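Structure record follows, encoded as structure tokens.
The values are calculated or read from the model by the stated rules, or taken from the named source; none is laboratory data. Predicted model, so just to flag it, every value in this text is computed and none were measured. For neighbour counting, all protein chains shown are included, and Cβ atoms are generated from backbone atoms with ideal geometry for every residue, glycine included.
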Amino acid sequence: MHRFSCLFVLLAMLGLAGCEPEQQSVDAGFAGLGEQAEGFTEVSPDRRFEFPADHGAHPDYRIEWWYVTANLTDEDGREWGAQWTLFRQALQPQTPLEAEAGWNSAQVWLGHSAVTHAGGHKYADRLARGGVGQAGVRVEPFEAWIDDWSLAQARDTQGQDSLSALSVKAAGEDFSYQLNLTADRPVVLQGEQGYSRKSEGDQASYYYSQPFFSVEGAIEWEGQRHIVTGQAWLDREWSSQPLAANQQGWDWFSLHLDGGEKLMLFRLRSTDGSHYYSGTWIQPDGETQPLAPGAIELEPLDETTVAGREVPTRWRLRIPSRAFDVTTEPLNEQAWMGTTIPYWEGPIRFGGSHTGVGYLEMTGY
Amino acid sequence: MIERLGWVLRTLLSHWRRHPLQGVCLLVGLWLATGLWTGVQALNEQARDSYDRAAGLFGEDNQSVLVSPGNQPFDQEYFVTLRRAGWPVSPVLQGSVTLNGPDGAATRLRLTGIEPLSVPEQGSVVGTIQQVDLVGFLVPPGRTWIAPDTLAELGLSSGDTAQLANGHALPPLQSLAAVPPGMLLVDIGVAQRMLDQSGRLSQLLVEGAFAANQPPLPEQVALRWDVRDEGDLQRLTDSFHMNLTALGLLAFIVGLFIVHAAAGLAMEQRRGLLQTLRACGTSLRLVVCALLLELLVLALVGGSLGVLSGFALASLLVGDLAASLRGLYGAQVAGQLVLDSQWWLTGLAMSLAGTLLAGGSSVLKAMRMPVLAWARPQAWRDAQARSIRRLAIMGVLLLLVAGILIYVGESLLTGFMLLGCLLLGAAWLLPLVLSLLLRGGRKLARSPLGHWFWADSQQQLSGLSLALMALLLALAANIGVGSMTEGFRLTFTSWLDQRLAADLYLRPESQAQADSIEQWLSRQPSVQAQLPSWQVQSRVRDWPTEVSGVIDHPLYARRWPLIEAVPGAWDQLAQGRGAVISEQLAYRLDIELGDAIELETPDGIWTLPVLGRYADYGNPKGQLLVSAEQLNQRWPGLEVSSIGLLVDEAAISDLVAGLQDNFELGGFSLIDQAALKRYSQQVFEQTFSATAALNTLTLGVAAVALFTSLLSLADARLSQLAPLWAMGLRPSRLAWLSLAQMLMLATLTCVLAIPVGLALAWCLVEVVNVQAFGWRLPWHWFPFQWLTLAGFALLAVLLASISPVWRIVRVGPTQLLRQFAHNA
Amino acid sequence: MLEVSTLTKSYQNPQGPLQVLNGVDLRLTAGHTLALMGESGSGKSTLLHLVAGLDQADAGEIKVAGTSLTGLGEAARAAYRRDRVAVIFQQFNLVPSLKVADNLAFQARLAGREDTAWLALLAERLGLASLLDRYPEQLSGGQQQRVAVGRALAVRPPLILADEPTGNLDEHTADEVMTLLLELVREAESSLLMVTHSARLAARLDRQVTLSAGRIVGDSLP
């Protein structure tokens, strides 16, 4: 779910974020984007997922992403976080064939990557045109890439899901990583069989995850190589509708519980204070239970000044029906992604009724 | 205080109401000086802006690029391969297209396709596009970005669509100021479609920091490092603009001579007025304030007129300028003049500074003037004589400096300093030389009237010397520049005759076409020989150079003129044992016969001994002729760039028709010798038409200077002539004598201007041209041209003298008598 | 009104310093007229120029209406020339590019004391009323000097200085101009210090002082 953020990032990159109204009059092409939105396929509750085809791109939807976060530990016991994201944005609806037709492709790709530890946080981004091979997603063997960054199937998975053995790499200034991800359970559908509501209205997305990755690999930080192991979480999501007009940001959690359970929680903040809550409780065997909006309580505890903004970096999370009551602490409170539209994204630790690690993303601050 | 300043100013200005002609002269001087200078600056500014736009297209001056070894388009897979290897590269495809305007006229434009998401964006035009309308640019139908000036020249407006000659329709046009003139900027995909180059790129831009140490390319990527040539434009055209600037400055200085003369006269005539002002209780400070304010007003009025006419002048000349820059350097300069406020302000500031310089001495004079004035004409005359001697000494010093500069000067700048020293030194020596000549004439005089004639001429000299200096400057500049242009024209024409040995030249569009043309030609009995050549754009020690491969054919030895060569140069070249190089390349790199040139090729360094040197006028880049066979070995996959044909003269038109029918060769793809010559000469004429226009104007300015000075002397003249009248000479006789005096002085100046002009021409040909263009012209004499110019100068002097002399004829006894009364 | 005490002045000549004034003491009471006489080179014009503030004395003091000229700067002396005195020159020194009317009002305007009624009266009395639109060069010598007289009187200064005002005029015209000058000086309630070499004209003034070699050698007052 994360990550309507990317939508805004892209919109801003492409001058569409609506903050410069005088440019809208420049031509019909831009104003026409609203009309073009009509041409995109809408998200509806009755869709059946088909794998591996749905691991690939859906250019008839406006926006889509492949999102990996990893909580890692090096040989000295030091904790790390790593993030790898590829966003796709269609400037106009296209069939998959059109989307790959050279420069005629209206697909724009955006990559974000970051490495975080208690003493530092580095990030990088990439931007590319689709259609010619600079960036894209291939279903078989699976690969999502932009420039020299990639998330690729590591070997023949022999009947298992193609996402169950992945190799992910990215590099930025003074950092790089290469991680091997393996999962022994199938992907998990979020929401109602993968239909994830984002508001009381029509806003929704298709959303599935692979939260059961175990990781080994290496991180290079300022010339130093660190061998790391840990767990990772992959999110896949696509949609055509932006957020509701009054939704200004969100807070999103992906949690690896020490007992083997996984938990996804988010709230979308409305300007009128009526926040929209959602979540999924995932058993160690992959069994999912959607959490009703009323079952979730998220309470910011402490704010930190990050890049000149007040961001709540300590939280109390409660699901009374599951006797779940924890307090989260960031690994590095300054995990700021200073990209075009900036947001906070970093590894966290939590304790209380349950313990474990996870990732937190906060936008709109 | 303000009120008092108002009254003082009003009193000072009342002088101009009584002497309107004097005021007009001063304004005309300022007007001409500012007009010519700002006009030239406008042209330079315009060109520079165009270069900046071209160079700044991708943000960096010396943008590193990757191109194919033979500069041919290459597969865009290289782009993907490099990106996937982490290289920050961005694809570009460039080509020429012909656009049919609304009036049916065809215009050739450069089409550039870019990929806005990957382009290095710092400060670039493309960066601007990203902010303006990126989605419109990317999403079909897309956009064609074009400079507003080019759009206007085409007679189109934003939102229009246009059809290319090859049948493709451009995306809707949209004007964007930062786009270089003459360029269509489209998305890379659109460019591939428009140019029929699907999946092909012409270069890859590389981010500056990454390209800084040119890392080695991955093995499978067969590209080479290069630097975008748009950045070279500034360098290649520098000398051209420096020439223009020098001319503009000359005109400015000559104009200031006029201002100086008129301002000095006005001060002389207002001595009494200033003293009365002081006696009636105006403080010196207030007087100086008022005088400065008066200068300021004059400068603003004259300057504004000047800047306006400078703009008009530049608008008139900008077409020629753009054409010659395009012809000479391939540089695109907008043909529509667009100037910012800074240019206007600079023009006014220049006028103000000029006025202060030219009129400041009279204000200084006013400051030193005591309240109680005892007019001492003799003292003033003594001062003048002293100043003639002082000027002459400074003139000699300047000429000495010029002499030293000939030996030690090594740059274009010192070349122009040499010109400045020569001209100014000669001008400052003029009054003394004239005065000595007049003294000689006096010794020869027999009659008392003759005696008076020479003595009086000498006395006139001090008042006229400035104007005569201006005349000398203008004439010398005309003779010098004229000699150079004429010499160039002669050399250039005969050189063209020799050099364009083939009868037909054609440029195939592709190797496939070249092959079929060759086959077709070999079946034509009228074709005596085919001379194909291959070209590679390269750099020799960082200087942009074209390497041209020629086949072994006796025509080269027979018709290609070499300035100097080792024995058997062409044979050795054919055997691949060296290269002949253009004169400017030899000069730029200081290469002599027998030295070796190192060329970078895809498979390493190619060392070529220099076998000969040839003139290559009009080409700013260096050129290098090598064996075609060797060139094709070193750069595999080169396509034929042009074919020269030797054809039976009678069959030329049939052959042209046949080629056009069979291969659709049009425009510059197929051109016969005569047309090529015509085109080359046209470029040449355009190059010097701006120069010629400015030169003529300078002569005009000198005539105005002379007129002003004569006018200023006319009053004093009457009192000098009155005694002669009293002694029985008729006014008409006096008028003739005055006219004869003027013409005599002017003739002497003209005669003196000829050697100065020749010295100037020598400096231009032997020093400045060599520095600026890298070629040396043979020396020619043009006595008829000198006579014509001198004739024009005398005519100008005659015109300038008519009104003052007429005044003497028309003057009545009362006015002459009054001269005595006033002197009493 | 005017107090001159132990005034000395010398000029630098190629032959050495030339003592022009050698300790001159002179007093002039308000409303009185005084003729300064003497041979050429006696120093009378120099004395006049010093009093006019056109030049500076080497030593001694000049006081006009209680104000001392000693130590005044250029600007202050200009203000003094504008407000306290008016000079009538032998060569008239009119502004050739200004019309008669503007020449008349010239100094008054500089002094900020333009009085149209008084100017009209002056023009009438000086016989210039019909010539106001002409330029100086279109006037005769007598007319030009009348303009110069008018210009000086237009300011109504406490002290009027005249340097051979009729030297360029014939006897008849000179008498006429003189009469007008004296009448108008009286009407303006000014004092007059006039340099002249004509005993006949000098006699028409209240008092006659004679200079010789830079000293006062004769005074009609006891």
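Please find, within region B:262-316, the residue that is nearest to residue C:155 (Cα to Cα) out of those that are part of a helix (DSSP H, G or I) and among the charged types (D, E, K, R). Restricting to residues being part of a helix (DSSP H, G or I) and among the charged types (D, E, K, R), the top hit is B:278. For residue A:132, the criteria (1) in a strand (DSSP E or B); (2) of a type in the set (A, V, I, L, M, F, W, C); (3) crowded, with 23+ Cβ neighbours inside 10 Å hold in every case but one, which is (1). Residues of region C:187-202 that are surrounded by fewer than 19 Cβ atoms within 10 Å (Cβ to Cβ) and touching a residue at least 12 places away in the same chain (Cβ under 8 Å): C:189, C:197, C:198, C:199. Within the set A:297, A:287, A:310, the sole residue that is of a type in the set (D, E, K, R), at pLDDT 90 or above and surrounded by 15 or more Cβ atoms within 10 Å (Cβ to Cβ) turns out to be A:297.
Checked against the criterion of being more than 27 Å from residue B:277 (Cβ to Cβ), touching a residue at least 40 places away in the same chain (Cβ under 8 Å), crowded, with 16+ Cβ neighbours inside 10 Å and not polar (S, T, N, Q), the candidates C:36, C:26, C:48, C:21 yield just one match: C:26. Checking the structure you have, find out if any residue of region B:112-119 is more than 13 Å from chain A (Cβ to nearest Cβ) and either within 37 Å of the chain's Cα centre (by Cα) or modelled with pLDDT under 90 (or both). Yes - at least one qualifying residue is present in region B:112-119.
Residue count for region A:59-103, restricted to those that are of a type in the set (Ser, Thr, Tyr) and either within 14 Å of chain B (Cβ to nearest Cβ) or under 20 Å from the mean Cα position of the chain (by Cα) (or both): 4.
Condition check ((1) within 30 Å of residue B:736 (Cα to Cα); (2) outside the structural domain of residue B:572 (by TED's automatic domain parsing); (3) among the acidic types (Asp, Glu)) across all residues:
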| position | (1), (2), (3) |
| --- | --- |
| B:450 | yes, yes, no |
| B:461 | yes, yes, no |
| B:487 | no, yes, no |
| B:496 | no, yes, no |
| B:533 | no, no, no |
| B:536 | no, no, no |
| B:549 | no, no, no |
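Condition test on residue C:154, is it surrounded by 21 or more Cβ atoms within 10 Å (Cβ to Cβ) and under 12 Å from the mean Cα position of the chain (by Cα)? Judged against the criteria, residue C:154 is not a match. Does residue A:18 fit the bill of being modelled with pLDDT under 90, surrounded by fewer than 19 Cβ atoms within 10 Å (Cβ to Cβ) and in a loop (DSSP other than H, G, I, E, B)? Yes, satisfied. Of the helices (runs of 4 or more DSSP H) lying entirely inside region B:136-226, those containing at least 1 residues that are within 12 Å of chain A (Cβ to nearest Cβ) and of a type outside the set (A, V, I, L, M, F, W, C) are B:188-194.
Listed here are the residues, each with its yes/no results for (1) of a type in the set (Asp, Glu); (2) under 18 Å from the mean Cα position of the chain (by Cα); (3) surrounded by fewer than 24 Cβ atoms within 10 Å (Cβ to Cβ).
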site	(1), (2), (3)
A:115	no, yes, no
A:141	no, no, yes
A:152	no, yes, yes
A:158	no, no, yes
A:169	no, yes, yes
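When region B:155-184 is filtered for residues that are more than 19 Å from residue B:100 (Cβ to Cβ), touching a residue at least 60 places away in the same chain (Cβ under 8 Å) and hydrophobic (A, V, I, L, M, F, W, C), the ones remaining, listed by number, are B:178, B:179.
Quick check on my filter: what residues within region B:785-810 are crowded, with 16+ Cβ neighbours inside 10 Å and either outside any helix (DSSP H, G or I) or not small (Gly, Ala, Ser) (or both)? Scanning region B:785-810 gives B:785, B:786, B:789, B:792, B:794, B:797, B:804, B:805, B:807, B:808. How many of the residues making up region B:484-529 are over 30 Å from residue B:761 (Cβ atoms), polar (S, T, N, Q) and buried (at least 19 other Cβ atoms within 10 Å of the Cβ)? Going through region B:484-529 one residue at a time, the tally reaches 0.
Checking the condition outside the structural domain of residue B:259 (by TED's automatic domain parsing), within 42 Å of the chain's Cα centre (by Cα) and buried (at least 17 other Cβ atoms within 10 Å of the Cβ), which residue from B:436, B:432 passes?
B:432
Taken together, the residues in region C:121-133 that are surrounded by fewer than 16 Cβ atoms within 10 Å (Cβ to Cβ) and either part of a loop (DSSP other than H, G, I, E, B) or within 11 Å of chain B (Cβ to nearest Cβ) (or both) amount to 2.
The residue that is farthest from residue B:80 (Cα to Cα), counting only those in region A:124-147 that are touching a helix residue (DSSP H, G or I) at 6+ places or on another chain (Cβ under 9 Å), small (Gly, Ala, Ser) and more than 7 Å from chain B (Cβ to nearest Cβ), is A:144.
Condition check ((1) more than 19 Å from residue B:65 (Cα to Cα); (2) assigned by TED's automatic domain parsing to the domain that holds residue B:85; (3) modelled with pLDDT of 85 or more; (4) within 38 Å of the chain's Cα centre (by Cα)) across all residues:
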site	(1), (2), (3), (4)
B:179	yes, yes, no, yes
B:184	yes, yes, yes, yes
B:187	no, yes, yes, yes
B:198	yes, yes, yes, no
